[in-house]
Amino acid sequence: MPSSVQKHYDSLLAEHYDWMFGASFEAKVLEQKALLSEIAVGAQGELAVDLGCGSGFQTLALYELGYRVLALDLSQKLLGKLAGRIGSRNITTPPRASA
């Protein structure tokens with residue numbers, strides 16, 4: 001059974017997650033890519049794990065920097081949003097839980 005925090009995250013925050021960051025999804029990916037490019041130390045093709053990936057701002061930024069990415073989050077709704085953005089990219093998410 002999900003905790004009350006997880007319920008709040010999935011039932012309220014997930015619906016407004018992208019909006020809360022105040023810019024388009026694409027603008028947030030570019031912002032995060034610039035930030036991460038300053039501190040990213042891995043080599044091309046190495047694995048990066050995005051814990052608490054949300055809808056994927058940093059997930060896609062890490063991918064664009066050359067990483068294979070494992071994206072994890074408690075929210076199935078946000079993982080679903082990310083899944084719709086992955087396309088053919090080498091990004092892995094956990095299997096979706098059945099409702």
* To do: For the stretch 29-77, enumerate the residues that are crowded, with 16+ Cβ neighbours inside 10 Å and on the phi > 0 side of the Ramachandran plot.
  => Gly54, Gly56
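Test Gly80 against the criterion of being at pLDDT 95 or above and either surrounded by 12 or more Cβ atoms within 10 Å (Cβ to Cβ) or of a type outside the set (S, T, N, Q) (or both), and give yes or no. Before you say what the answer is, go through the steps one by one.
Numbers: at pLDDT 95 or above: no; either surrounded by 12 or more Cβ atoms within 10 Å (Cβ to Cβ) or of a type outside the set (S, T, N, Q) (or both): yes.
So Gly80 does not fit the description; no.
Residue-by-condition table, conditions (1) assigned to a helix (DSSP H, G or I); (2) β-branched (Val, Ile, Thr); (3) under 18 Å from Thr92 (Cα atoms); (4) touching a Pro at 6+ places or on another chain (Cβ under 9 Å):
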{"residue": "Leu12", "(1), (2), (3), (4)": "yes, no, no, no"}
{"residue": "Trp19", "(1), (2), (3), (4)": "yes, no, no, no"}
{"residue": "Leu30", "(1), (2), (3), (4)": "yes, no, no, no"}
{"residue": "Lys33", "(1), (2), (3), (4)": "yes, no, no, no"}
{"residue": "Gly54", "(1), (2), (3), (4)": "no, no, yes, no"}
{"residue": "Tyr63", "(1), (2), (3), (4)": "yes, no, yes, no"}
{"residue": "Lys77", "(1), (2), (3), (4)": "yes, no, yes, no"}
* Name, by its number, the condition in (1) out of contact with any helix residue (DSSP H, G or I) (no Cβ under 9 Å at 6 or more places or on another chain); (2) assigned to a helix (DSSP H, G or I); (3) not basic (Lys, Arg) that does not hold for Gly45. => (2)
* Structure fact -> His8 fails exactly one of (1) part of a strand (DSSP E or B); (2) surrounded by fewer than 17 Cβ atoms within 10 Å (Cβ to Cβ), namely (1)
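The values are calculated or read from the model by the stated rules, or taken from the named source; none is laboratory data. Small disclaimer: the values here were computed from a predicted structure and weren't measured. Quick reminder, even Gly has a Cβ in these numbers, built from the backbone with ideal geometry, and neighbours come from all protein chains shown.
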